[in-house]
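Have a look at the structure below, then the notes.
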Amino acid sequence: MVLLTAELMDILDQSVVLTALPAIQESTGAGPAALQWLTTGYSLPVAIGLITGGRLGDLYGRRRLLLIGTVVFTTASLLCGLAAGPGVLTGARALQGVGVALMIPQVLATLHVTFEGQNRSKAFGLYGAVLSLANVLGPVMGGLLTEADLFGLSWRPVFLVNVPVGLAVILLGRRFIPESTEKKADRPDLTGMALSALAIVLIIFPLTEGHLHHWPIWCFAVLAAGLVTLVIFLRHQQRKQNNAPLVPLSLFQGRQFSGGTAAQLMHGLLCGLFFMTWTLYLQRGLGMSPFHAALAFVLLSLGELAGATIAAKSAGRFARRLPQTGVLITVAAMAGYGLQIAASQADLTLLGMTAPVVLIGFGLGMVSGPLADMSLAKVPHEDAGSASGLFNTAMHLGIALGTALTALVFFATTDGSSDAGLNRDAFITVLWWVGSLLTLMWALMFFLPKHTKNRAG
């Protein structure tokens, strides 16, 4: 349970902040770019550090790295709660991401090496239940804590609640989590780490800041430098393939893994773009309170839970048709939601949007499990850790890129304004982009197997 509590903190912190964003902006005076960095600053260190965090745990002890990561995360949460301005808050969010990158890889690795047989199945079953619970609880907690304005602290308890939980994980983890290491683990590729981190930052920074500065020449120069650094990183990885590379490029020779990972990147992109702008639309475009906006997230999460349950029961029976059907359901629900927004304008209620929102969640719920299963199915056992890390990194990197895209797709129209009409119009534009990303995701799933193992083809 200590391990699962650590995982719960990560998932909660990704979603709990969403419903608090308007209150944070009003309280700190944060502009559109600062709002983006509150999410991007968290996702970037996670995307960059997941694989390295896992290898460090293999080398120096998984319990040790989990506890170090929890200390960093808990300290950063306290700094978030005490932050007086958007700069300090963004820096503290980035520090939270560093803590998560150290902490989270150790959870699955420790479960993997600690439990066997039926106990292993129960442990991973609880892990899945915790993920679903966190997706529902996060937005509700964010809405409740913000609206309750405890001790006049407004949004700050959203972060401060992590402090006692983190301290409990640290104290109980020292006593109850067994230590484990991997004697044959490869040393981390520090040069690859530095190059990949630099490339990602150089690409995402101008995408986030460009609109604020009216796209000066330096934005395009920095973006070009990021692409050049990415090429240098890939060349470095090619030379390191026989000497513990950060990214085993041989994994991408399999069409299932390469196509599935690309689809996962699109999944992250649409999540980063949709969820941040949706909370702004609900509260600014429709005038909902943080709590009522949180209820909308709950509707989507319940739909997602139902879709994931059906996908789990149908696992192995429909191959790629299952997640592709989920994507088509989501596209149809997004289209219906967009038409509803355009027709109802400011009169749309939470009850009125229930059907399309639940269906959006239902469709997305049918995607995640089967996509991961089929993408990793043919990966050799000795590369399972690296492949899993890359697949999860694609999601977090996609979220960071999707959040950066909000500058082009959403804030270019609203310019940070609270005007209801502008926010509604901008969100309709977002739905067109999300629909396009879903379509691309659906197409990439043709790289997944057409038939199950038990069928010919």
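The values are calculated or read from the model by the stated rules, or taken from the named source; none is laboratory data. Just so you know, these numbers come straight off a predicted model, no measurement behind them. Quick reminder, even Gly has a Cβ in these numbers, built from the backbone with ideal geometry, and neighbours come from all protein chains shown. Each accessible area value is taken on the protein alone, full model and side chains, heavy atoms only, with ligands, DNA and RNA left out. Shrake-Rupley method; radii C 1.70, N 1.55, O 1.52, S 1.80 Å.
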Pairs, first assigned to a helix (DSSP H, G or I) and open to solvent by less than 20 Å² (accessible area, probe 1.4 Å) in region 434-457, second among the basic types (Lys, Arg) and modelled with pLDDT under 95, C-beta under 7 Å, six or more apart
Met445/Arg320
If I filter region 381-396 for residues that are touching a helix residue (DSSP H, G or I) at 6+ places or on another chain (Cβ under 6 Å), closer than 27 Å to Arg284 by Cα and either part of a helix (DSSP H, G or I) or of a type outside the set (Phe, Trp, Tyr) (or both), do I get at least one hit?
yes
Over region 73-123, the set of residues under 18 Å from Leu167 (Cα atoms), modelled with pLDDT of 90 or more, more than 17 Å from the chain's Cα centre (by Cα) and buried (at least 18 other Cβ atoms within 10 Å of the Cβ) is Thr74, Ala76, Ser77, Cys80, Gly81, Ala92
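Table: residues versus (1) under 23 Å from Gln283 (Cβ atoms); (2) open to solvent by 10 Å² or more (accessible area, probe 1.4 Å); (3) in contact (Cβ under 8 Å) with a residue 12 or more places away in the chain.
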site	(1), (2), (3)
Leu328	no, yes, yes
Ala332	no, yes, yes
Gly338	yes, yes, yes
Leu348	yes, yes, yes
Thr354	yes, yes, yes
Val357	yes, no, yes
Gly361	yes, no, yes
Val367	no, no, yes
Pro370	no, yes, yes
Suppose we filter Phe205, Phe176, Phe159 for residues that are among the aromatic types (Phe, Trp, Tyr) and closer than 24 Å to Gly54 by Cβ; which single one remains?
Phe176
Has region 380-394 got any residue that is more than 15 Å from the chain's Cα centre (by Cα) and open to solvent by less than 30 Å² (accessible area, probe 1.4 Å)?
yes
Condition first: of a type in the set (Gly, Ala, Ser) and either open to solvent by 30 Å² or more (accessible area, probe 1.4 Å) or not in a loop (DSSP other than H, G, I, E, B) (or both). Now tell me which residues in region 410-430 satisfy that.
Ala412, Ser417, Ser418, Ala420, Gly421, Ala426
Here the qualifying pairs (Cβ atoms under 6 Å; residues six or more apart or on different chains; first in region 267-291 and closer than 15 Å to Ala404 by Cα; second outside any helix (DSSP H, G or I)) come out as Thr277/Phe410
Would a scan of region 246-265 turn up a residue that is hydrophobic (A, V, I, L, M, F, W, C), in contact with a Pro (Cβ under 7 Å, 6 or more places away or on another chain) and at pLDDT below 85?
no
Leu207 vs. criteria among the aliphatic types (A, V, I, L, M) and within 26 Å of Thr75 (Cα to Cα)
no
In region 33-72, the residues that are out of contact with any Lys or Arg (no Cβ under 7 Å at 6 or more places or on another chain), aromatic (Phe, Trp, Tyr) and buried (at least 24 other Cβ atoms within 10 Å of the Cβ):
Trp37
Condition first: open to solvent by less than 10 Å² (accessible area, probe 1.4 Å), of a type outside the set (Ser, Thr, Tyr) and more than 14 Å from the chain's Cα centre (by Cα). Now tell me which residues in region 5-32 satisfy that.
Ala6, Ala20, Leu21, Ile24, Ala30
Listed by first then second residue, the pairs whose first member lies in region 24-48 and is within 16 Å of Cys80 (Cα to Cα), whose partner is of a type in the set (S, T, N, Q) and at pLDDT below 80, with beta carbons under 6 Å and at least 6 positions apart or on separate chains, are Gln36/Thr208
Extreme residue, nearest to Ser27 (Cα to Cα), among residues of region 153-199 that are assigned to a helix (DSSP H, G or I) and free of Cβ contacts under 8 Å to residues at least 40 places away in the same chain:
Pro164
